[in-house]
1. Say we look at region 330-363 and pick out the residues that are more than 15 Å from Val263 (Cα to Cα) and basic (Lys, Arg); which of these is nearest to the chain's Cα centre (by Cα)?
2. State which residue pairs qualify: first residue part of a helix (DSSP H, G or I) and among the aromatic types (Phe, Trp, Tyr) and inside region 69-94, second residue surrounded by fewer than 13 Cβ atoms within 10 Å (Cβ to Cβ) and modelled with pLDDT under 65 in any location, beta carbons under 9 Å apart, and separation of 6 or more residues or different chains.
3. What number of residues within region 170-205 satisfy the criterion of being buried (at least 24 other Cβ atoms within 10 Å of the Cβ), out of contact with any Asp or Glu (no Cβ under 7 Å at 6 or more places or on another chain) and under 22 Å from Ile316 (Cβ atoms)?
4. (1) of a type in the set (D, E, K, R); (2) modelled with pLDDT under 85; (3) under 22 Å from Leu17 (Cα atoms): which one isn't true of Glu76, the others all being true?
5. Please give the helices (runs of 4 or more DSSP H) falling wholly within region 294-363 in which 2 or more residues are polar (S, T, N, Q).
6. I'm trying to understand the selection: among the residues of region 284-294, which are within 17 Å of Arg111 (Cβ to Cβ) and in contact (Cβ under 8 Å) with a residue 12 or more places away in the chain?
7. Pairs under 6 Å by beta carbon, first residue open to solvent by 40 Å² or more (accessible area, probe 1.4 Å) in region 109-133, partner in a loop (DSSP other than H, G, I, E, B), six or more apart or different chains?
Amino acid sequence: MEHVFFMVVGFLMAVLLGQIIIPRILVISHRKRLFDQPDSRKVHHRPISRLGGVTFFPVILIVMCTIGLLQFYEMENITSSVISESLCLVAGLMLLYMIGVCDDLIGVRYRRKFEVQILAAAFLPFAGLSIQNLGGLFGWYEISPLVGVPLTMLLTVFLINAINLIDGIDGLASGLCMVAITLFGVSFAWHGSWMYALLAFASVGVLVPFFFYNVFGNANRGHKIFMGDTGSLTLGFILSVMVVKYVSVMVQESSRLDGAPVVMAFSVLLVPSLDVCRVVLNRFRRRVHPFKPDKSHIHHKFLNMGFTPRRSMILIQLMAVAFIALTLVLLRIGLLAPVVFMLDILVWTLMNVWFSRIIRRRA
């Protein structure tokens, strides 16, 4: 119970710090005219600050350090792996934080951001945090570091960009991340990985006030804010670390050797992951650069079907939760994990075909 108490304290600290810092960032943004200007590709019609993500990493770090000083030695056995994972997490987040701030303020070439993402991803295997076992998914069990290390880095860069690209309408990226991080946090707490549970609840805590300003803030009064690349890069890296850690912990403790932990982790981030795959494949099909911005993401589909941005956000959130619930139920009733994995992809594909037909009918 004592650990749970400190998780709650960490969550409340993050909420309070976020609520204190975000209004100050709004004031600075207006004084210095640091806005995201509207254009034909964007949904908003007024200049809005895109520096909300500047709060994420500092608040999370303050909470982790404060709670760590109070309870760290009792929360986990201090081992070299725990220390190295913590340090590499901070180092990776710092790199992404700096490149994100630069991009939000003055703009950075995508190739440069991609290089920094790869460098940040390299910190995970450097700390010994990599995918070493797929738990029997499609017959794959333990894998060689020659495969596991590149796979971990690829997954990290992929998730960072998936969260970055899904951030297109108010509350969508932050809402999806809150759902995913909360589920990971509960799982880590259940299995006694208190450092990662604290990271999860601190991350959710700082997202709560941001979500309020992002979704319900009045743009005409200057109370609205976006997370920008700083926020999406930070959240993407945190989620990638949690996915790798979750798979490592659950594969070791799972009694089912059919890849269920991997499939469950996939379902939590199914919407942003499959959406970026669909968009990139569609751009290749049209012979367009895969990183060239367009209006083909899932939220654009909902907007083209006639939904408002807020209703689109709610429906996509419900869709993400439905996929998680479906995966969990199918695994619980004994369906093989590879079958569940393919069913998730099939359902997603059919839904997108259905959405496209509705859009064509409206046109």
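1. Here the answer is Arg357.
2. As it stands, the answer is Phe72/Ile78, since those pairs meet every condition given.
3. 9
4. Result: Glu76 fails condition (3) only.
5. Numbers: elements: 298-304, 309-332, 337-362.
In region 294-363, the matching helices (runs of 4 or more DSSP H) lie at 309-332, 337-362.
6. Matches in region 284-294: Phe291, Pro293.
7. Listed pairs, sorted by first residue: Tyr110/Phe291.
Yes or no, residue by residue, for (1) among the β-branched types (Val, Ile, Thr); (2) at pLDDT 95 or above:
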| residue | (1), (2) |
| --- | --- |
| Gly171 | no, no |
| Cys177 | no, yes |
| Thr182 | yes, yes |
| Ser193 | no, no |
| Leu198 | no, no |
| Phe201 | no, yes |
| Gly205 | no, yes |
| Phe210 | no, yes |
| Gly222 | no, no |
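The values are calculated or read from the model by the stated rules, or taken from the named source; none is laboratory data. As the structure is a computational prediction, the values presented were derived from the model and not from experiment. Methodologically, a virtual Cβ is constructed for each residue, glycine included, from the backbone with ideal geometry; neighbour enumeration extends over all protein chains shown. Remember, those area values only see protein heavy atoms, side chains included, never the ligands or the DNA or RNA. Shrake-Rupley method; radii C 1.70, N 1.55, O 1.52, S 1.80 Å.
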